[in-house]
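One structure is given here, and the rest of the page talks about it.
Please treat every number below as a calculation from the coordinates, not as lab data. Being a predicted model, the structure only gives us computed values, none of them experimental. Positions of Cβ are generated from backbone atoms using ideal geometry, with glycine treated the same way; all protein chains shown enter the neighbour counts.
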Amino acid sequence: MRRYLPKSVEELVRWYERYISPLSLVAGFLADNFFLLRRVDLLRSNLLLFSYLAVAALGIALINAIEAGKIRHQWALKAAPLIPVVVQFCFGGLFSGYLSLYSRSASVAVSWIFVALLAALLLGNERFTRLYARFSFQISLYFLVLFSFLEFFLPIVFHQIGPAVFIASGLASIALEALFIYAMSKLAPAVFRGEGRRGIIAVGVIFIAFNILYFTNAIPPLPLALKEAGVYHLVARQADGSYVLLGEELPWYEKYLNYPPVIHRAPDEAVFAWSAVFAPSGLSTEVFHQWQFYDAAQKRWTTATTVSFPIFGGRDGGWRGWSEKINPAAGQWRVNVITQYGQLIGRISFTVANASTTPPLVRSVAAP
């Protein structure tokens, strides 16, 4: 019977950590993706992420206070081995939530680096257990999750997006992190002297990396997200606010694999690009459909036309809009759905093929 009953909290953690971590990883990601973090502007979503941030900060403070001898209560010393596990769980929840939110907003063609980084941090989190005892690792990882949170939370609060709001989120992250580091230097001065400089350097590197990723459009433009997009032979708005979409029937593998469709265009026929972009309640902005044609001779994409239209936040399915291109040349095309600052929200890729007549079309209706 003894082998099933650990004699201490430390032994309990050591025995069952390998099972708890993967299960909580999978369960947390599924819960975030399908139930808890469906929309970036929901109160429960932000309260969940904020609670993770608060508990992680408290856990870091307790770890270092116990190590510095500031806390000597017997219960705290017995629970000490569990605290890094709790901190690890909070960081895992944050990475899971960010991956869920950012991947919905991301265009893989441009933002794959940032999304892949979040995925790597999420999957690697269970390997970081011993690193959570190091102060430099704690504060650098905390700054990463804090900046990731404020990068989409401040646009929700101020109902604005763009470089100015991003810079404000970076400065707010630096200020909050500086306060946290200062408090830790007073709480555990010996630990700060040993690891503080290394942690501050790591925070600086993360701050610079975030700015490089943002201004090269590698960070998805949260809180905006592309909910729906496609290319059609006709898009028309009905009197009741619904939209009629006429498009070609796609093979099953193109539907599920997001394969670029072929539009068989009859003479003098237009091609329509349709998108639904989610924005949080209270945020209104402008988005653009940038039509680009692939020039095979020069081996580059050439912008043919750019169409803008306003969007307004709050609709769960996203704000709908479309643009059209009359008599597009045969070949490879793409329509970039971008912000006014050039950030890529999503992309519609397709091929135009000339045809003598319009092929049979399938009618679908987008609800009001």
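Computed over the Cα atoms of the stretch 130-192, what is the convex hull's projected area averaged over all directions, in nm²?
Reported value for the Cα convex hull: 4.6 nm².
Can you work out the Karplus-derived ³J(HN,Hα) for every residue in the stretch 182-192? Use 6.51 cos²θ - 1.76 cosθ + 1.60 with θ = phi - 60°, whole Hz, and x for glycine or proline.
4, 4, 5, 5, 7, 6, 9, x, 5, 5, 5
Would you mind checking which residues have amide H under 5 Å from Gly346's amide H? H placed 1.01 Å from N; only 5 or more apart, or other chain.
Here the answer is Val337, since their amide H atoms fall under 5 Å of that of Gly346.
Can you give the net charge of the other residues whose Cβ lies under 11 Å from the Cβ of His233, counting K and R as +1 and D and E as -1?
In short, -1.
Label points 7 Å out from Cα along the Cβ direction at Leu361 and Lys299: separation in nm?
3.8 nm
Which loop-located trypsin sites (Lys or Arg not before Pro) does the stretch 287-340 contain, where loop means any DSSP state but H, G, I, E or B and the Cβ has at most 14 other Cβ atoms within 10 Å?
Qualifying residues, ordered by number: Lys299.
Using 14 Å as the cut-off for backbone N distance, which residues of the stretch 60-99 belong to the label zone defined by a point 7 Å from the Cα of Tyr182 along Cα→Cβ?
none
Rounded if a/c is under 1.5, else prolate if a/b is larger than b/c, else oblate: which is the stretch 129-281, with a ≥ b ≥ c the root eigenvalues of its Cα gyration tensor?
prolate
Sorted by packing (mean other beta-carbon atoms within 10 Å per residue), highest first, where do 341-352, 237-248 land?
Averaged packing, sorted descending, gives the order 341-352, 237-248.
Take each of the peptides 287-297, 301-311, average the number of other beta-carbon atoms within 10 Å over its residues, and list them starting from the highest.
287-297, 301-311
Evaluate the stretch 166-212: find the radius of gyration of its Cα atoms, find its Kirkwood radius, and give the ratio Rg to Rh.
Result: Rg/Rh = 1.04.
Can you tell me the relative contact order of the stretch 237-368? Whole percent, Cα pairs under 8 Å, sequence separation 6 or more.
37 percent
Enumerate the amide H contacts of Ser281 below 5 Å, restricted to partners 5 or more residues apart or on another chain; note that Pro and chain-start residues carry no placed amide H.
Gly314
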